[in-house]
Amino acid sequence: MINWDAHFCLPQHPQADFSPLDRLHAAGVNYVSINVGADMNPVSQVMSVIAGYRATIAANPGRFRLVSGADQVIQAAADGVLALGFDLEGAMPLMEQPEMADVYAQLGVRQMHFAYNRNNSVADGCHDTARGLTPLGHQVLQAVNDAGIIVDCAHSGRLCSLEIMAASSKPVVFSHANPFALAPHGRNITDEQIQACAATGGVVCISGLSWFLGSEQPTAADVARHAAYVADLVGPAHVGIGLDICITQKELDDTPPGGFAPAWWWPEAAGYRAGRAPAFVPLDAWKSLPLELRKLGMSPGEIEQVLGRNMLRVARATWR
Ligand SMILES: [Zn+2]
């Protein structure tokens with residue numbers, strides 16, 4: 001059994017404390033995708049974070065292992081260490097150079113979005129005007145497919161995500177997005193998007209963030225409820241978990257340098273407010289997920305699929 005958390009955020013700082021990952025490991029998680037930057041982060045910050053995270057992982061071989069293949073995830077679990085990969089939330093760190101996808105893959109990036117909430121030169125964000133995947137976006141998509149990076153449509157615009165899913169040669173995931181039918185937030189996804197994702201062989205991973213679950217103090221039961229909705233719509237082979245928990249450390253300032261404008265990335269019109277932070281499911285929600293899914297009628301085999309086997313399948317089809 002492999003438990004896979006498809007998205008987790010530590011402070012975007014090279015000295016981030018990795019001990020929250022030990023708690024996830026203790027709760028039964030075997031692989032975590034950790035965020036190394038988004039469209040709001042300049043490349044200087046993304047590179048600094050990647051270098052810092054790689055150094056922390058290398059200095060703790062008894063706790064963590066940066067993996068590049070599905071079999072390495074299984075081996076790490078057998079060895080009792082937590083397997084890690086990096087994800088990028090947006091294509092702006094590629095600096096409009098499709099060949100940067102392979103550079104990031106070499107550094108440990110295993111999954112990426114094409115846009116974060118707002119439009120960029122590659123793709124549309126979910127809180128911006130619908131245009132669709134740009135000609136550069138099609139080149140980036142091919143480069144991301146070729147680099148063996150999982151294509152991730154969380155934070156992307158609805159129309160654009162449908163175009164990405166239609167054009168991708170590999171399965172596409174939503175690493176942290178929930179059914180709009182259960183929680184009508186602009187970051188959530190329609191039944192049409194969920195069905196298109198399943199048609200690629202992909203996986204919709206359920207976020208543990210309050211606004212996207214429609215629950216002020218979210219629990220594992222809320223995550224299970226959203227997972228069951230996706231399973232009922234497209235089958236348990238297309239459901240995963242990406243708890244999207246964001247860790248902050250008061251002593252580490254990870255604000256993007258250079259004129260960072262939070263109201264641009266999290267617009268008021270989409271329901272965001274300055275100074276208002278979301279709540280997250282607790283780190284050990286993973287311990288309760290099997291029971292909560294069982295309560296909703298899933299079989300042990302289906303629960304194994306949802307908690308990790310589906311994402312392992314996507315990784316096996318994509319990573320090289
Ligand atoms: Zn996100």
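Within the chain, the longest run free of exposed loop sites, counting GluC sites (Glu not before Pro) that sit outside DSSP helix and strand states (H, G, I, E, B) and have at most 14 other Cβ atoms within 10 Å, spans 100-215. Orientation-averaged projection of the stretch 257-320 equals 8.5 nm² [convex hull of Cα atoms, one quarter of hull surface area]. Each of Gly235, Ala220, Gly208 was scored by the projection of its Cα onto the charge dipole of the stretch 163-273, and the greatest displacement toward the positive side belongs to Gly235; charges sit on the C-beta of Lys, Arg, Asp and Glu. Listed values for the stretch 277-285 are Karplus-derived 3J(HN,Hα) couplings in whole Hz (6.51 cos²θ - 1.76 cosθ + 1.60, θ = phi - 60°), namely 9, x, 9, 10, 4, x, 4, 8, 4, and x replaces Gly and Pro. Think of each Lys and Arg Cβ as +1 and each Asp and Glu Cβ as -1; about the Cα centre, that makes the dipole of the chain roughly 400 debye. A convex hull fitted around the alpha carbon atoms of the stretch 1-112 yields 88 Å³ per residue.
Loop-resident chymotrypsin sites (Phe, Trp or Tyr not before Pro) (DSSP state other than H, G, I, E or B) in the stretch 223-273 with no more than 13 further Cβ atoms inside 10 Å of their Cβ: Phe260. Computed 3J(HN,Hα) for the stretch 305-320, one whole-Hz value per residue from the Karplus formula 6.51 cos²θ - 1.76 cosθ + 1.60 where θ = phi - 60°, is 4, 5, 6, x, 5, 5, 5, 4, 4, 5, 4, 4, 7, 10, 5, 10, glycine and proline marked x.
How many percent of all Cα-Cα pairs in the stretch 4-318 sit more than 25 Å apart? Taking all Cα-Cα pairs of the stretch 4-318, the fraction more than 25 Å apart is 44 percent.
Summarising the amide proton neighbourhood of Val204: residues at separation of 5 or more, or on other chains, whose placed amide H is nearer than 5 Å comprise Phe174, Val239, Gly240.
Taking every C-alpha pair closer than 8 Å and separated by at least 6 residues, the mean separation divided by the residue count of the stretch 4-318 gives a relative contact order of 20 percent. Measuring from each cysteine beta-carbon in the chain, the ones with no other cysteine beta-carbon under 4.7 angstrom are Cys126, Cys153, Cys160, Cys197, Cys205.
Each value in this text was obtained by applying a stated rule to the coordinates, not by laboratory testing. Given the structure is predicted, the values throughout are model-derived calculations rather than measurements. When we count neighbours, we look across all protein chains shown, and the Cβ atoms used for this are built from the backbone with ideal geometry, even at glycine.
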